[in-house]
């Protein structure tokens, strides 16, 4: 399978040795080795790639986590940390010769400081559970991934997750104050501060989005925000995908910063409407959802300005949510895009890349051309306000060659993002899915700097090895393959 290297099968002797060392201080039920027990952990949300782990451990205390890491470090056993397993880049894909460290039992909200508007939570706390817990106090946690019902805050930190409201309120890195992290040696670090700044290097930003390669998150202090007084969504329909793309850039250029700004093409809206009945038009090329929040006066003014810009940009219709129920229904449809794709296709591959907003229309047009090249359908849903694409390539894994074509299709989309000055991810991370495209995005000196940071935290390369940052040898091999394949370039798009 494309980005993966061949993994060795589980070594029974090594498995027994590791399990015995771990059972010396963990309960019998917290160390899983039997195939029927470890198989549920063989993949995360990127189900195309699977590997049964050698051992799964289920600790319940920080002390147990630290001792697990210390034991694995002494035995030179690789460790992959896992939260809810909702990641979409294979970041939690286990190793056949390693330990899968589940943090599912760390589900406690430790403390809520209403005066400081912050909360300390364990890594297994679900994203939405934080907002639910503080809702009676008029507060909430802003980052809202589509999987927020299930995804955990530890995984959000690992991938620097965003969501539909990240345009105005930022990603995970902008909404956390402090981390408590265990190193591979079993030491505990306190990173960040309850204050607005901390002395020294910004390790908080470094750790956020590091995909479990530098440490294991034990606790997160998150920022809480007051709920906006009022919010409305403008839904705008366009008969041309490029007009919709230009409308996004025009809204931002007009000085309007929406709370959320999403776009779906016709394939996506048809799937979503069949699945969720959100009230979207399905006879148009694209639908934009633009939310404004604040005081009622601020929202009324902003909504009118958004409608004016949409009309001037060629919208064939605009509709404003008439009440809170309709506003939530509009967003429920957008957040149902992934399961909706699953309802119309046996399998789907959710990509994630980010581009400058001004190129949205042109890039979407090129993705349509790639559909013809690969003979596969692609539904597009994305955070339009910050140019974060989420193409959903529809395929059938039971059809010979379709997964491979899907991988090639996805790789070209990522290369296209780079061509117009973008990046290969926005919030899903690199994991195993995009590791080859890291070779395209970064130069040798930059990759060497990444490896230097890895060595400083994890000298033996035991934390989530083989993910996110490719070896220079891999990049050399990929470069030769890339040149030989002669992947399609688009001469009428800008090169950066």
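Checking 277, 246 one by one, the residue that is free of Cβ contacts under 8 Å to residues at least 60 places away in the same chain and over 23 Å from the mean Cα position of the chain (by Cα) is 277 and no other. For region 92-116, the set of residues classified as touching a residue at least 60 places away in the same chain (Cβ under 8 Å), more than 13 Å from residue 222 (Cα to Cα) and over 25 Å from the mean Cα position of the chain (by Cα) consists of 97 only.
Residues of region 390-406 that are surrounded by 24 or more Cβ atoms within 10 Å (Cβ to Cβ) and part of a helix (DSSP H, G or I): 406 alone.
Picking from residues in region 45-57 that are free of Cβ contacts under 8 Å to residues at least 60 places away in the same chain and either buried (at least 18 other Cβ atoms within 10 Å of the Cβ) or in a helix (DSSP H, G or I) (or both), the one that is nearest to the chain's Cα centre (by Cα) is 51.
Please work out if residue 212 is outside the structural domain of residue 139 (by TED's automatic domain parsing), under 30 Å from residue 120 (Cβ atoms) and surrounded by 24 or more Cβ atoms within 10 Å (Cβ to Cβ). Criteria not met by residue 212. For region 176-188, residues that are buried (at least 20 other Cβ atoms within 10 Å of the Cβ) and assigned to a loop (DSSP other than H, G, I, E, B) total 1. Inspect all residues belonging to region 329-339 and state whether any of them is within 26 Å of residue 44 (Cβ to Cβ), without any contact (Cβ under 8 Å) to a residue 60 or more places away in the chain, surrounded by fewer than 19 Cβ atoms within 10 Å (Cβ to Cβ) and in the same structural domain as residue 430 (by TED's automatic domain parsing). No, there is no match, as no residue in region 329-339 is within 26 Å of residue 44 (Cβ to Cβ), without any contact (Cβ under 8 Å) to a residue 60 or more places away in the chain, surrounded by fewer than 19 Cβ atoms within 10 Å (Cβ to Cβ) and in the same structural domain as residue 430 (by TED's automatic domain parsing).
Against the test of being touching a strand residue (DSSP E or B) at 6+ places or on another chain (Cβ under 9 Å), at positive phi and crowded, with 18+ Cβ neighbours inside 10 Å, the options 431, 426, 387 yield a single qualifying residue, 387. Taking the criterion of being part of a helix (DSSP H, G or I) and surrounded by fewer than 18 Cβ atoms within 10 Å (Cβ to Cβ), the residues of region 20-37 that qualify are 20, 23, 28, 29, 35, 36, 37.
In the set (1) part of a helix (DSSP H, G or I); (2) touching a strand residue (DSSP E or B) at 6+ places or on another chain (Cβ under 6 Å); (3) surrounded by fewer than 19 Cβ atoms within 10 Å (Cβ to Cβ), the condition left unmet by residue 110 is number (1). Scanning region 66-77 for residues that are within 22 Å of residue 156 (Cα to Cα) and crowded, with 24+ Cβ neighbours inside 10 Å yields a total of 1. The numbered conditions (1) in contact with a strand residue (DSSP E or B) (Cβ under 6 Å, 6 or more places away or on another chain); (2) over 17 Å from residue 265 (Cβ atoms); (3) crowded, with 22+ Cβ neighbours inside 10 Å are all true for residue 411 except (1). From the list 150, 142, 119, 129, the lone residue that is in a helix (DSSP H, G or I), over 21 Å from residue 57 (Cβ atoms), touching a residue at least 12 places away in the same chain (Cβ under 8 Å) and outside the structural domain of residue 260 (by TED's automatic domain parsing) is 129. Which of the residues spanning region 340-379 are free of Cβ contacts under 8 Å to residues at least 40 places away in the same chain, within 25 Å of residue 44 (Cβ to Cβ) and in a helix (DSSP H, G or I)? Residues satisfying the conditions are 342, 374.
The values are calculated or read from the model by the stated rules, or taken from the named source; none is laboratory data. Worth saying up front: this structure is predicted, and the values here are computed from it rather than measured. Please note: Cβ atoms are built from the backbone with ideal geometry, for glycine as well, and neighbour counts cover all protein chains shown.
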